[in-house]
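Down below is the structure, laid out as structure tokens.
The values are calculated or read from the model by the stated rules, or taken from the named source; none is laboratory data. A quick note: this is a predicted structure, and the numbers were derived from the prediction, not measured. Cβ placement follows ideal geometry from the backbone for every residue including glycine, while neighbour counts extend to all protein chains displayed. The area values use the complete protein model at the heavy-atom level, side chains included, leaving out ligands, DNA and RNA. Shrake-Rupley method; radii C 1.70, N 1.55, O 1.52, S 1.80 Å.
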Amino acid sequence: MIRAEQLVLLSSFLHLTVCFRPQRIMGGEETTIDDFPFMAGYERWGWMECGATIVRDDYAMTAAHCVRGNEKDGEITLRIGTSYRESGGYVVTATKLITHAGRRAHDIALIRSERVFPMGEKVKVVTLGKTRLASYVPGTIVGWGKQSGYEDSPTQMRKTTMQMVARAECKYAVDFDWETNIEIFYCARPAEEGNDACAGDSGGPFLVDGRQYGIVSRGQCTGTLDDRLAFTTIYHYLDWIDTIAGNLTVPGS
């Protein structure tokens, strides 16, 4: 039998093991809507599920996998003009959700607002990147996603840096024929250990020099340098966006 003294020692050992076990939180740092006034929260019945960005004064953009396809009237709303998840800013109802026909691989959707957004210092249109990024360019992701696979989402918006890598390194992170569809996504890894995108960050932007070049699509939410995060490219879908939303308010470059 195990003596009481042995139980104490075993308990102490297990406690130390848990305390010093690396916690794969998503890291990054808090930020505000003042720095990213084009950010929006994609909410379902008032609960934020994904990120989104404002691409016109009555349209936002997100990932197609955030859209279930059977939404009821009033189910989806956008929260804009606030740094906080499910709090503050303005809430507008979505009247139309448009996903790309090939949504399994083409992870992009547009959201039509029931009214024009109240544009101002905290509500602006994002500038879309219209060129293809070179590999190994660092970029910023922004959102309210979880800081680990099991913790609650943060209240305040956060940001972190990702490092682009060759798309061939992302083949195990996507669930489609990546060689056939190599033009439709970027691939990145955390710039530093402990930083990553996680549940709730889908649909948010991948930004380089303030322009949106990608949409957060698929990842593993580990925070390790071996993780790979796939982003839907923007430049590949500019014509599709223009067909749905018409001429964008702010041209990209």
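Below, the figures for the structure above:
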quantity	calculated
Overall form of region 36-162 per C-alpha gyration tensor (a/c, 1.5; a/b vs b/c)	rounded
Mean accessible surface per residue for region 31-72, computed with a 1.4 Å probe while every protein chain stays in place, in Å²	36
Percent carbon-and-sulfur accessible area, region 60-172, ignoring ligands, DNA and RNA, probe 1.4 Å	46
Distance between modelled label sites at T131 and L238, nm, 7 Å Cα→Cβ extension	1.1
Within straight-line cross-link reach of K130, aspartates and glutamates at Cα separation under 12 Å, skipping those fewer than 8 residues along the same chain	D239
Added length on full extension, which subtracts the Cα-Cα distance from 0.36 nm per residue, V208 to E121	29.2 nm
